[in-house]
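See structure below.
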Amino acid sequence: MIENQWIRVSPTSHIPPREGRVVHLAEHEIAIFHLGDRFLAVQNRCPHKGGPLSDGIVAGDSIVCPLHAWKVHLESGQIQRPGGQVQCVERYPVRVQHGVIEVQLAVIAAEVTCGGAAA
Amino acid sequence: MKKLVVVGNGMAGMACLEHVLAYGREFDVTVFGDETHVNYNRVLLSSVLAGEKPSDSIVLNPLEWYQRHDIALRLGTRVVDVDPQAQVVHGEDGSVASYDVLLLATGSSAWMPPIAGLDLDGVFAFRTLDDTRALLDRAGAGTKAVVIGGGLLGLEAARGLQVQGCDVTVVHLAQTLMERQLDPTGGSYLTSKMDALGVRVLLGRSTSAILGEGHVERVLFADGSHVDADLVVVAAGIRPNVELGRRAGLDINRAIVVNDHMETSRPDVFAVGECVEHRGVCYGLIAPLIEQAKVLAATMTGRKGPVYTGSIQAAKLKIMGVDVFSAGEWAEEASLDIVRYEDPGLGVYKKLALRDGRLAGMILVGDTDDNHRYMDWLRTGEDLSAQRRQLLFPGPLSDVGLDVAEMADTATVCGCLGVTKGTIIGAIHERGVNTLSQLKECTRASTSCGSCTKLCQDLLRAVAPAFEEEAKRVMCGCLPFAEDQLREMLRTQQIRAVQDVLDIYGNGLGCETCKPALSYMLDMLWCGDHDEDRSARYINDRVHANIQNDGTFSVIPRMRGGVTTPDELRKIADVADKYHVRMVKVTGSQRIDLLGVKKADLPQVWADLGMPSGQAYAKGVRMVKTCVGTEFCRFGTQDSTAAGIEMERRFEQLFTPHKVKMATVGCPRNCAEATVKDIGLIGQEGGWQVVVGGAAGKSVRKADLLTTVETTEEALRASELFFQYYRENGNYLERTYDFVERLGIEKIRKETVYAPQALHEALLSRLRKSKDRARDPWQEGREPVNATQFIPLRPIDEVRA
């Protein structure tokens with residue numbers, strides 16, 4: 001199953017600290033972020049108007065969409081701003097092996113908390 | 001009614017008089033002041049010199065206060081003699097005033113060392129508002145200033161002069177700066193901080209003479225060396241003014257001797273402030289003098305009872321970004337246990353001295369946040385043995401209210417004016433205080449040095465039912481400082497990277513508000529010589545194009561003054577075809593916009609165009625819109641097209657707080673709409689009008705006239721002055737129309753076109769420096785800052801859908 005495979009994407013050096021980059025894998029368009037001490041990956045589409053999250057500004061462990069400044073928590077996928085949003089962005093498992101970023105194409109199941117108040 | 005004569009119109013004398021008046025109308029009061037000003041806050045003179053406060057904002061008792069209390073005020077009159085038998089004082093002007101009660105509040109004067117040349121033009125003391133104004137008059141870019149004396153006052157004077165543009169050298173006799181407040185280690189931390197600010201410090205130098213022909217030229221030292229000087233400030237110490245006390249027949253040691261009731265050796269003569277000596281100590285800082293004033297007011301009005309038993313001496317250096325606090329005993333001696341913490345990298349030095357488990361004194365350099373907690377320990381003499389391990393590192397506080405909640409009601413919040421927590425809580429509950437300004441008005445807390453402002457706010461926040469944050473806008477939650485304060489902090493601390501600012505002053509993370517703002521600020525402050533961090537920039541400034549609603553970008557090449565060529569138009573047409581550009585549009589700025597370009601195509605699009613970036617995406621210089629002017633137009637009076645092209649060349653590629661759009665028109669018909677631009681040049685017969693702060697966007701505002709000049713070069717020069725002034729003083733995302741309204745066009749004129757030549761040069765030289773470092777951002781198409789600046793990651797493993 002392709003979902004269980006770790007897919008090698010890119011050397012870590014290709015994403016500067018506190019920036020994001022997009023990668024196209026099969027039908028998935030994934031934004032990967034370098035948060036200084038770790039990498040996180042989510043769908044590259046803001047639930048609001050489809051803005052490219054990889055082009056946003058990293059604020060701690062959140063990303064701010066470049067189009068209308070919606071703020072997405074990268075760990076949980078929850079929308080932190082505006083408040084009261086029920087939808088989440090999809091998250092992908094990421095790891096670093098020998099200096100290479102790897103992702104799985106299995107979308108992480110939304111947590112029960114998702115859909116509640118912002119974190 | 002008894003007659004009270006007060007000699008001295010300064011802070012201590014007037015504080016005492018305020019307390020006397022609070023008891024009721026018991027005296028006919030006459031006040032003599034040798035200065036020509038009403039009572040002002042002398043503590044803030046260094047802030048005035050540093051340009052942080054206007055000189056009229058430091059008045060403590062305005063003229064109406066004297067009138068309201070029927071005080072006969074004799075300004076500019078020095079009292080030269082007292083006849084204690086006849087109970088009269090004699091003014092320098094021959095006036096005579098009789099008294100039943102005399103209050104001497106004569107303060108102190110700058111001590112002048114016995115050296116030659118003190119009478120030369122350009123030698124100043126730094127004690128009075130007049131001294132400060134004279135220094136402000138003389139200080140300017142490139143002026144060589146020497147400050148003799150590296151104590152509190154000398155260092156604050158040095159910093160103030162340096163902010164005014166002077167090259168400043170501090171000359172100090174001892175081997176340690178502020179040696180009465182700091183040990184040698186603390187002194188060396190302070191020396192490096194002053195060095196980092198750009199103030200040269202010479203230690204262990206004894207000044208032997210000031211030399212010059214009529215005016216100051218150099219300062220000579222005992223070892224034969226010298227430094228050149230245009231300006232000398234003598235801040236070598238103060239001496240109490242005791243001459244009148246002596247004439248009144250009072251007991252005098254170093255100063256007028258007073259007892260715990262603040263009585264002198266005569267029943268009808270009192271003294272307060274820097275001119276008195278209490279239990280062998282003369283105080284030179286404001287807090288103890290205010291305590292003395294309170295006690296004396298009771299004694300003077302026949303309510304003898306309260307006593308003054310002396311104060312703990314505490315000193316705080318008022319230089320923004322250089323935090324120094326010292327109090328009590330700290331010298332390394334056998335009876336004291338020393339607890340010390342140092343971080344040379346951060347410039348933090350803390351030293352606490354304990355005697356028998358109780359705090360005896362402290363030195364704090366680089367981080368003085370905890371001084372209130374320590375001062376409380378010092379005042380109460382609390383036994384600290386149980387918390388010995390946490391003296392310098394208290395556990396993290398679980399909520400903001402906790403720290404203030406733990407303070408005793410008797411604990412002092414405002415050390416300068418002796419306001420306790422209990423007084424503040426009382427004001428909040430009984431007098432309905434809800435804001436910091438109301439609290440200042442009501443209790444005077446935080447009106448002197450301002451170091452307790454945060455504490456006052458915490459108290460208000462915790463206790464006041466309807467606390468309102470003051471209007472002062474801070475950057476954001478990550479970085480709770482106002483922008484003007486941040487600019488000063490970054491400049492003085494020489495910080496060049498956004499992440500460093502966030503790590504040192506903020507929450508270490510940052511957000512979409514503060515990161516682009518800091519990026520701008522650092523680029524401006526260091527004239528482009530900062531550590532550029534693209535992660536802190538908005539996407540438009542990472543890929544040099546304007547993101548559109550579908551994630552594609554728009555490309556607008558520079559077309560100076562709206563003038564193009566058939567060649568350029570052909571290239572634009574070819575590019576539009578080759579990259580299937582969705583729309584080609586003529587903009588309102590006389591340029592051509594290619595809409596719908598993919599990010600990955602940007603470098604090749606730029607290369608094919610072969611034109612520089614129009615930066616239509618940046619908070620920076622956009623363009624200069626022009627009309628055809630004298631070249632073609634039958635009404636033209638000026639060559640507005642050439643002027644506009646030259647203007648665009650001078651400003652292009654520079655960043656600004658918000659976008660800057662400009663226009664030049666050849667006559668008042670205003671075809672290129674110069675009156676609604678950030679900067680506009682309006683041609684007229686024989687000259688130009690330079691207008692600023694116009695807008696025709698979210699706001700519509702007619703620009704204000706900055707100046708009228710004769711030549712195009714003068715018009716461009718005036719534009720440059722305003723442009724750089726806006727860059728340096730505008731808040732991020734503040735358009736010129738808000739900026740001009742906030743500051744007022746009068747102030748802007750005064751500080752740009754009407755400013756002294758030296759200030760022009762300083763603004764222009766910083767503008768040139770920035771311009772020299774600026775470059776066409778589209779060059780990055782050929783040399784990306786990193787391999788993936790414009791392109792998606794190319795996966796190593798292949799995945800088939």
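None of the figures in this text is laboratory data; all of them are computed from the coordinates on show. Here the structure is a predicted model, which is why all the values come from computation and not from measurement. When we count neighbours, we look across all protein chains shown, and the Cβ atoms used for this are built from the backbone with ideal geometry, even at glycine.
Among the residues of segment B:47-73, which ones are among the acidic types (Asp, Glu) and in contact (Cβ under 8 Å) with a residue 24 or more places away in the chain?
B:GLU52, B:ASP70
Just checking, which of B:ASP772, B:ASP738 is charged (D, E, K, R), loosely packed, with under 13 Cβ neighbours inside 10 Å, away from chain A (no Cβ under 14 Å) and over 20 Å from B:LYS598 (Cα atoms)?
Result: B:ASP772 is the single residue among B:ASP772, B:ASP738 that is charged (D, E, K, R), loosely packed, with under 13 Cβ neighbours inside 10 Å, away from chain A (no Cβ under 14 Å) and over 20 Å from B:LYS598 (Cα atoms).
Which one of B:GLU728, B:GLU714 is in contact (Cβ under 8 Å) with a residue 24 or more places away in the chain, touching a strand residue (DSSP E or B) at 6+ places or on another chain (Cβ under 9 Å) and of a type in the set (Asp, Glu)?
After ruling out the rest, the residue left standing is B:GLU714.
Could you tell me whether any residue of segment B:460-472 is within 14 Å of another protein chain (Cβ to nearest Cβ) and buried (at least 19 other Cβ atoms within 10 Å of the Cβ)?
no
Please enumerate the residues belonging to segment B:77-94 that are surrounded by 13 or more Cβ atoms within 10 Å (Cβ to Cβ) and assigned to a loop (DSSP other than H, G, I, E, B).
Within segment B:77-94, B:THR77, B:ARG78, B:PRO84, B:GLN87, B:GLU92 meet the criteria.
Among the candidates A:SER54, A:SER76, which residue alone is surrounded by 20 or more Cβ atoms within 10 Å (Cβ to Cβ), outside any strand (DSSP E or B) and away from chain B (no Cβ under 13 Å)?
A:SER76
Identify all residues within segment B:95-122 that are outside any loop (DSSP other than H, G, I, E, B), out of contact with any Lys or Arg (no Cβ under 9 Å at 6 or more places or on another chain) and touching a residue at least 60 places away in the same chain (Cβ under 8 Å); write none if there are none.
B:LEU103, B:LEU104, B:ALA116, B:ASP121
Do you know which residues across segment B:534-564 are basic (Lys, Arg) and either within 14 Å of another protein chain (Cβ to nearest Cβ) or touching an Asp or Glu at 6+ places or on another chain (Cβ under 6 Å) (or both)?
B:ARG534, B:ARG537, B:ARG542, B:ARG560
Can you give me the number of residues within segment B:515-533 that are at the interface with chain A (Cβ under 9 Å from one of its Cβ atoms) and over 21 Å from B:LYS599 (Cα atoms)?
Qualifying residue count for the region: 1.
Look through segment A:1-14, keep the residues that are more than 7 Å from chain B (Cβ to nearest Cβ) and not in a helix (DSSP H, G or I), and return whichever of them is nearest to B:ILE791 (Cα to Cα).
My answer is A:PRO11.
Of the residues in segment B:699-754, how many are outside any helix (DSSP H, G or I), in contact with a helix residue (DSSP H, G or I) (Cβ under 7 Å, 6 or more places away or on another chain) and closer than 20 Å to B:GLY51 by Cβ?
Residues flagged as outside any helix (DSSP H, G or I), in contact with a helix residue (DSSP H, G or I) (Cβ under 7 Å, 6 or more places away or on another chain) and closer than 20 Å to B:GLY51 by Cβ within segment B:699-754 amount to 4.
Matching residues to (1) free of Cβ contacts under 8 Å to residues at least 40 places away in the same chain; (2) within 29 Å of the chain's Cα centre (by Cα); (3) closer than 23 Å to B:ALA141 by Cα; (4) buried (at least 16 other Cβ atoms within 10 Å of the Cβ):
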residue: B:GLY187; (1), (2), (3), (4): yes, yes, no, yes
residue: B:ALA196; (1), (2), (3), (4): no, yes, yes, no
residue: B:VAL201; (1), (2), (3), (4): no, yes, yes, yes
residue: B:GLY204; (1), (2), (3), (4): yes, no, no, no
residue: B:SER208; (1), (2), (3), (4): no, no, no, yes
residue: B:HIS215; (1), (2), (3), (4): no, no, yes, no
residue: B:GLY224; (1), (2), (3), (4): yes, no, no, no
residue: B:ALA229; (1), (2), (3), (4): no, yes, yes, yes
residue: B:ALA235; (1), (2), (3), (4): no, yes, yes, yes
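Quick one: which of B:ASP503, B:ASP567, B:ASP574 is within 14 Å of chain A (Cβ to nearest Cβ), without any contact (Cβ under 8 Å) to a residue 40 or more places away in the chain and either in a loop (DSSP other than H, G, I, E, B) or surrounded by fewer than 18 Cβ atoms within 10 Å (Cβ to Cβ) (or both)?
None of the others qualify; the one that does is B:ASP503.
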